[in-house]
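To start, the structure itself, in structure tokens.
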DNA sequence: TGAAGTTTAA
């Protein structure tokens, strides 16, 4: 029954020559949940090099429907099909509801009141993980659960996840309200909570706020110790403000004794910023303070020279390490091999593998991933695939990066079917596909104007709860616009802005120019309004 | 993600 309804729905969707898919995708994501297993639709099975305007329609006449009839029809069908048949546990039932569009997090609760599932702690965490890019449904659900008398209190872990989601989506006012709420509920705020707050503030370039939060830690019952200081230093360094990190460090170190990590964090910050003199100076300070520079300190320096392609200096540091009795490890070797590969020095890169073996250092997943990357970049996709097989055979665990690297390589070599095979395998393995897995395929579809395949991929993403992140929206809006799919581009742009994701000025301009060129003034006005809306939202956030 | 390394990025 379920399969039948899905088929009918999908068929009717594709039957209308793509016109309404985009509206449905944008307006009613729940549609995608009706499939129990996913297969490639027939039209995909035609090979890409066989000309078939029907399959890879490069000029479909997409139109926005005048009313929302299609959407409400789909809702009716989906509702009829749902109970008991397709819903696999409470998680799916709740996701089904949460995938609708909500104007605010308050309205989410009203929609959820209609369902009668038993909420458990693990269910809350699963839902939060699935909606970690969509704060409105996540927060609405979180509040709704909180209001149910039988649930009790959220666990500190769930609170921390929610804090992180709000921070990631730059909802800082709500984030602070939640932290205050945690304070009122007892001693729920921990260093882990405040770590999320500090990292997200620094990530939004609110460096002063991040520093102020550190100074206020004790108000939240969290100790201002070396561990907390390191979180602040690391957040500042990772968000490219190593100068701030240094100032904070100089200010704090008389009150809070640093450890070796504090120095290594700073060394890493300087190295990433390409400031090698400062990095060397910090290594000296580290020794003066009584900490011996370790493999991490040296590896940071090596990475900085690798970025500059200064492999002679890399060798000099390796020699110095040996003198100090500090042996390079798999991380050191990965960095060197990767950089040689990127500098098109493949032979030398491969020699690193031998050298590592002689040192008795065992390759790990990241090392393999790196090797797969440089081999495919050098056009040796067959060797890369062979390595992947070797990993499977030798029991070296694969991770999402292994798959994502291979998918991207396959797309770059126009091996679309291999990319699909990998994404399918991924779904069946323990590492689930994420936005990065789909990214290269989406990009290729935009470039080749494969609208149907693109629609299929988006359906597949929604089905697997892979939410679109800002990068993917940007890719789609720009990609569709560049390749002449202006209306689809506008729709996605609208969805992006309404979700509170800030678009880059470049994206605005690209769209406006294209609409101008095509004299589509109505849409131009609409995009302009959305742009103003986005700007005022951004101002509110600041 | 979080004291160092791997994919993605106009």
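The values are calculated or read from the model by the stated rules, or taken from the named source; none is laboratory data. Since the model is a prediction, treat every value here as computed from it, not as a measurement. Counting neighbours? That spans all protein chains shown, and the Cβs are built from the backbone with ideal geometry, glycine included.
Scanning the range A:166-190 for residues that are over 15 Å from residue A:146 (Cβ atoms) and within 24 Å of the chain's Cα centre (by Cα) gives A:167, A:168, A:169, A:170, A:171, A:172, A:173, A:175, A:176. Summed over the range A:312-335, the residues that are within 10 Å of DNA strand B (Cβ to nearest atom) and either buried (at least 18 other Cβ atoms within 10 Å of the Cβ) or assigned to a helix (DSSP H, G or I) (or both) give a count of 7.
Taken over the range A:415-424, residues that are buried (at least 16 other Cβ atoms within 10 Å of the Cβ), without any contact (Cβ under 8 Å) to a residue 40 or more places away in the chain and within 17 Å of residue A:461 (Cα to Cα) amount to 3. Scanning the range A:183-208 for residues that are within 16 Å of DNA strand B (Cβ to nearest atom) and either free of Cβ contacts under 8 Å to residues at least 24 places away in the same chain or not in a helix (DSSP H, G or I) (or both), we see that the one that is farthest from residue A:539 (Cα to Cα) is A:190.
In the range A:353-369, is there at least one residue being part of a helix (DSSP H, G or I), away from DNA strand B (no atom under 11 Å from the Cβ), under 24 Å from residue A:400 (Cβ atoms) and free of Cβ contacts under 8 Å to residues at least 24 places away in the same chain? Scanning the range A:353-369, I find at least one residue that is part of a helix (DSSP H, G or I), away from DNA strand B (no atom under 11 Å from the Cβ), under 24 Å from residue A:400 (Cβ atoms) and free of Cβ contacts under 8 Å to residues at least 24 places away in the same chain, so the answer is yes.
Yes/no matrix, rows are residues, columns are (1) under 27 Å from the mean Cα position of the chain (by Cα); (2) in contact (Cβ under 8 Å) with a residue 12 or more places away in the chain:
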residue	(1), (2)
A:262	no, yes
A:265	yes, yes
A:273	yes, yes
A:277	no, no
A:285	no, yes
A:297	no, yes
A:318	no, yes
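Being more than 9 Å from DNA strand B (Cβ to nearest atom) and at pLDDT 95 or above is a property that residue A:375 has. When each of A:461, A:496 is tested for being in contact with a helix residue (DSSP H, G or I) (Cβ under 8 Å, 6 or more places away or on another chain) and closer than 15 Å to residue A:530 by Cα, the lone residue that passes is A:496. Reported count of residues in the range A:182-205, each being out of contact with any helix residue (DSSP H, G or I) (no Cβ under 7 Å at 6 or more places or on another chain) and surrounded by 15 or more Cβ atoms within 10 Å (Cβ to Cβ), is 2. Quick one: is residue A:168 in contact with a helix residue (DSSP H, G or I) (Cβ under 8 Å, 6 or more places away or on another chain) and at pLDDT below 95? Considered against the rule, which asks whether it is in contact with a helix residue (DSSP H, G or I) (Cβ under 8 Å, 6 or more places away or on another chain) and at pLDDT below 95, residue A:168 comes out as yes. Listed conditions (1) buried (at least 24 other Cβ atoms within 10 Å of the Cβ); (2) more than 22 Å from the chain's Cα centre (by Cα) are all met by residue A:236, apart from (2). The lone criterion from (1) in contact with a helix residue (DSSP H, G or I) (Cβ under 9 Å, 6 or more places away or on another chain); (2) modelled with pLDDT of 85 or more; (3) surrounded by fewer than 18 Cβ atoms within 10 Å (Cβ to Cβ) left unmet by residue A:478 is number (3). Is it the case that some residue within the range A:159-167 is at positive phi and touching a residue at least 12 places away in the same chain (Cβ under 8 Å)? Among the residues of the range A:159-167, not one is at positive phi and touching a residue at least 12 places away in the same chain (Cβ under 8 Å), which makes the answer no.
Selection of helices (runs of 4 or more DSSP H) fully inside the range A:389-475 by the criterion of at least 2 residues being within 9 Å of DNA strand B (Cβ to nearest atom) and closer than 28 Å to residue A:510 by Cα returns A:400-412, A:435-448.
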